[in-house]
Amino acid sequence: MKIDIYDEQRLARQLEIQKKKSWDIEKDINWDQGIDLSKSFLPLSNIDSLFTGASKPQLRAISQLMGLIVASTISQLEDVAYRLKVPVWESFLRKHPVNPELYQLGEQFFEEEKKHSRAFNQYIDLFAKEVNIDPIDLKRILPRAHNTSIEKIYTLNSKIGGMAMWWLIAAVEEESILFYHLLNEVKDHVDPLYYNLHRCHFEEEVRHKSYAHMMLEVYNEFSSTPSSYVFKKVDFILAEVLNMTWTFSQLLKVKEFKKFRHHHEFFNTLESSLDLLKGKSQLDILGALFTSTPYITHTIHLSEHGHINALLNRYSTTRLPMPKSKLGEIKCTV
């Protein structure tokens, strides 16, 4: 991807397009249609190495759980990006001023991140109502990043001159676009509201995903201290380690869903689905999560995303020596 942070006309056109095509969280998403719990949320792997022998209702519950995990992950990480606006963006640009067009694009980027976080959070609230539990209780057992160690480490990294958060943002943007493409292939078989939410999100992600790339380019162009050289080498590894650690720590909370088994049939079915894991060793489960579980494997393997890999090569940035995933061999279906 060609990155030109000096082309003011192109940047101004991009900002104009983003503002013109921006969607409204209430007007452009039909929340009144509710959630169709008879349908899946996300397509799953057609080669299931974890939930062998799962029934259709169990697979649907697993799909819905994965859909909630993805929705919460997007909501949480985009909220963290917005709340770290000052250390990861404003403070850096005070030291390294850029043209007004690039700065205004950043303002638009962060406003869109805040909106996306709110939209996915609203879906989770609606789901909680559908299954008869308090949204606060549901969010306790879904991925959470607010005021956690991961947020504090990204804040510290930014304050001392690192750009690890921009690497994470760039990767999350790529993942969101990829997840929508998987969802779009089965759009007639998934919850319509979940699909439409991802469609709106996808439209703005495609338009603004280049901003993280631009910030990495600004850093590469203007930051030339000895410490910045170190950060350029290790920031992506820091993002990988934090992302991997956070992902697995949040997945451990899934077992807490069983406490709500008396609230709705969804939780009963989900509990029976998770029981299918009891015959698997921890090594088998870990191996599947690392190599062949859509969404989770995508999240762990940040460097496998095409544009991220190109950026790593562009800046000669170090990455973790991880085994390749098997996602290329997998087709996601409902």
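Structural remarks
- Checking each residue in region 250-264 for being of a type outside the set (D, E, K, R), assigned to a helix (DSSP H, G or I) and in contact with a helix residue (DSSP H, G or I) (Cβ under 9 Å, 6 or more places away or on another chain) picks out 250, 251, 254, 257, 260.
- Hits in region 299-330 (condition: without any contact (Cβ under 8 Å) to a residue 24 or more places away in the chain, in a helix (DSSP H, G or I) and loosely packed, with under 12 Cβ neighbours inside 10 Å): 313, 328
- Test for residue 68: is it modelled with pLDDT of 95 or more, assigned to a helix (DSSP H, G or I) and not polar (S, T, N, Q): yes
- Matching residues in region 151-186 - criterion: being within 17 Å of residue 246 (Cβ to Cβ), surrounded by fewer than 21 Cβ atoms within 10 Å (Cβ to Cβ) and of a type in the set (A, V, I, L, M): 153, 156
- Top-ranked residue in region 79-101 [being over 21 Å from the mean Cα position of the chain (by Cα) and of a type in the set (Asp, Glu); ranked as farthest from residue 158 (Cα to Cα)]: 101
- Among the candidates 123, 82, residue that is aromatic (Phe, Trp, Tyr) and without any contact (Cβ under 8 Å) to a residue 40 or more places away in the chain: 82
- Selection status of residue 280, under 28 Å from residue 323 (Cα atoms), touching a residue at least 40 places away in the same chain (Cβ under 8 Å) and over 25 Å from the mean Cα position of the chain (by Cα): yes
- Number of positions in region 267-286 that are outside any helix (DSSP H, G or I) and surrounded by 13 or more Cβ atoms within 10 Å (Cβ to Cβ): 1
- Selection status of residue 209, farther than 22 Å from residue 30 by Cβ, modelled with pLDDT of 90 or more and of a type in the set (Lys, Arg): no
- Candidate set: region 85-122, residues that are of a type in the set (Asp, Glu) and within 22 Å of residue 13 (Cα to Cα); chosen: the one surrounded by the fewest Cβ atoms within 10 Å (Cβ to Cβ): 107
Okay, residues lined up against (1) at pLDDT below 90; (2) in contact with a strand residue (DSSP E or B) (Cβ under 9 Å, 6 or more places away or on another chain):
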site	(1), (2)
230	yes, no
233	yes, no
247	no, no
304	yes, no
332	yes, yes
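- Candidates 209, 232, 159 - the one that is under 16 Å from the mean Cα position of the chain (by Cα) and not hydrophobic (A, V, I, L, M, F, W, C): 209
The values are calculated or read from the model by the stated rules, or taken from the named source; none is laboratory data. Since this is a predicted model, take the numbers as computed values, not measurements. Ideal geometry is used to build each Cβ from the backbone, glycine not excepted, and the neighbour counts take in all protein chains shown.
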